[in-house]
Amino acid sequence: MEYTTLGRTELKVSVAGLGCGGFSRLGLSTGGTEASAIAIIHAAIDHGVNLLDTAAPYGTEDVVGKAIRTVPRDKVVIATKSSVFRDGERWAPERVVASLDNSLRELGIDCIDVFQLHAVPPSGYDYVRDVIAPVLLKEKERGKFRFLGITETSPNDLEHRMLLRAVPDGLWDTAMVAFHMLNQNTREAVFPATLQHRVGTLLMFAVRSIFARRERVAEAMQDLAAAGKVPQSLADERDPLGFLIHPGGALSLTDAAYRYVRHEPGVDVVLFGTGDQEHLRSNIASILRPPLPQADRDRLKQLFGHLRGVGLVAPPRAR
Ligand SMILES: NC(=O)c1ccc[n+]([C@@H]2O[C@H](COP(=O)([O-])OP(=O)(O)OC[C@H]3O[C@@H](n4cnc5c(N)ncnc54)[C@H](OP(=O)(O)O)[C@@H]3O)[C@@H](O)[C@H]2O)c1
């Protein structure tokens, strides 16, 4: 494993972080058991992964808590989240603090390393900054968490408007942000600011569902070509990103997806979500491989650099 510093938190974190939500929820969304989910967490830790990202709405905090019971506390960095905006409701600060307290209970720990506000829309930013954050900072003083983070609501915030306001504010130690081969604007829009303000970044959506299956890319290209956003020749191909896979290049579509994001300046931790032991091994291996060849990265930029909002679909509601 390789390790890096998570922005101004100074936490030493693995460049590959285990995402305990997403479509897989450690396999719990796809027929896995609590035991198999715990085995995924232990396998990740055995590979040197030390950052685990969960959230109250994922319904995996209890499983993470059970898995880390046998692991020295200083060997893992635990990141979790509370909702603030959910089902059309805006939560009062007391409800967010109750969520924090419940996370501590579910995880079975005294202090959360990174406590994040989940999926904050641009229209909700003033509220979290002015009303929620001051209350949370008092809970931080009480020792309930070490660092405060914020995560964007990518499918509804294609220009990263929320983070563009949050990053310079000095309140947030980490930012969770979307970036992938067909959603590249994070490079110019967000990373220069997170680097400048030393805000640690947790990368989501590297694979999501679009790069897990070749057919999904082909379908996306057909829609994009019909809308005049990519050349028709790409829509005619069975494997439109097949050009990335060649000797000296990527080994597979998912390999390309992880290697593409991993080496971008400004990316600290690449989150990967899986319930499959073989995917776990291959994803970590991909994250540790060298960058894609420059010519392939240039082609991705030229073909797709202008796209917005591709492959960012939300997962079905956990629980
Ligand atoms: N803050 C937020 O709003 C937010 C939103 C989304 C995600 N996140 C965080 O980011 C993490 C990662 O989310 P994500 O959206 O990037 O991914 P994800 O939703 O976890 O999806 C990855 C998908 O690809 C599959 N997959 C993984 N490795 C594969 C491989 N090698 N080959 C083929 N399929 C593979 C997984 O299924 P298998 O189980 O079959 O491997 C899963 O369905 C989440 O767990 C969460 O921690 C946060």
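Please treat every number below as a calculation from the coordinates, not as lab data. Owing to the predicted nature of the structure, the values given are computational and were not obtained by experimental measurement. Cβ placement follows ideal geometry from the backbone for every residue including glycine, while neighbour counts extend to all protein chains displayed.
Compute the FRET efficiency between ARG69 and ILE245 as 1/(1 + (r/R0)^6), taking r as their Cβ-Cβ distance and R0 = 30 Å, and round to the nearest 0.05.
On the way: r = 41 Å, r/R0 = 1.37.
Calculated value: 0.15.
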Open item on the list: Run the numbers for ARG161 and LYS138: contour at 0.36 nm per residue of separation, minus the present Cα-Cα distance, in nm.
Closed with: 5.6 nm
Task: Span from the the stretch 8-27 Cα centroid across to the the stretch 182-226 one, whole angstrom - done: 17 Å
Open item on the list: Starting from the 7 Å offset along Cα-to-Cβ, what nm value, one decimal, do you get for the label separation of SER252 and ARG289?
Closed with: 1.0 nm
Task: Label zone at THR5 (point 7 Å along Cα-to-Cβ), backbone N below 15 Å, the stretch 201-232 - done: 201
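Is the shape of the stretch 192-269 rounded, prolate or oblate, going by the alpha carbon gyration tensor and its root eigenvalues a ≥ b ≥ c, with a/c under 1.5 for rounded and a/b larger than b/c for prolate? The partial results should precede the final answer.
On the way: a/c = 2.50, a/b = 1.73, b/c = 1.45.
It is prolate, given that a/c is not under 1.5 and a/b is the larger ratio.
Between ASP62 and GLN277, what is 0.36 nm times their sequence separation minus the Cα-Cα distance? Round to one decimal in nm.
Details: separation 215, 0.36 × 215 = 77.40 nm, distance 2.02 nm.
That pair, ASP62 and GLN277, stretches by 75.4 nm at full extension.
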Open item on the list: From Cα pairs below 8 angstrom and at least 6 apart in sequence, can you work out the relative contact order of the chain, rounded to a whole percent?
Closed with: 22 percent
TODO: Answer with one residue from LEU203, THR4, VAL49: the one whose Cα lies farthest towards the positive end of the charge dipole of the chain, charges on Cβ with Lys, Arg +1 and Asp, Glu -1.
DONE: THR4
Task: Rough spin-label spacing in nm, given labels placed 7 Å along Cα→Cβ, for GLU94 and GLU219 - done: 4.5 nm
Task: Cut-off 18 Å, label 7 Å out along Cα→Cβ of ARG198, residues of the stretch 1-27 by amide N - done: 4-13
Task: Mean separation of Cα contacts under 8 Å, 6 or more apart, over the residue count of the stretch 214-309: relative contact order % - done: 24 percent
Task: Shape of the chain, Cα gyration tensor, a/c cut at 1.5 - done: prolate
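Taking the Cα centre of the chain as origin, work out the dipole magnitude from +1 charges on Lys and Arg Cβ and -1 charges on Asp and Glu Cβ, in debye rounded to 20. Kindly include the intermediate steps, with their values, before the conclusion.
Working: 38 positive and 38 negative charges, 34 e Å.
Rounded to the nearest 20 debye, it is 160 debye.
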Open item on the list: From the phi angles alone, apply the Karplus equation (6.51, -1.76, 1.60; θ = phi - 60°) to the stretch 297-310 and give each ³J(HN,Hα) in whole Hz, x where the residue is Gly or Pro.
Closed with: 5, 5, 5, 4, 5, 5, 7, 10, x, 8, 6, 9, x, 8
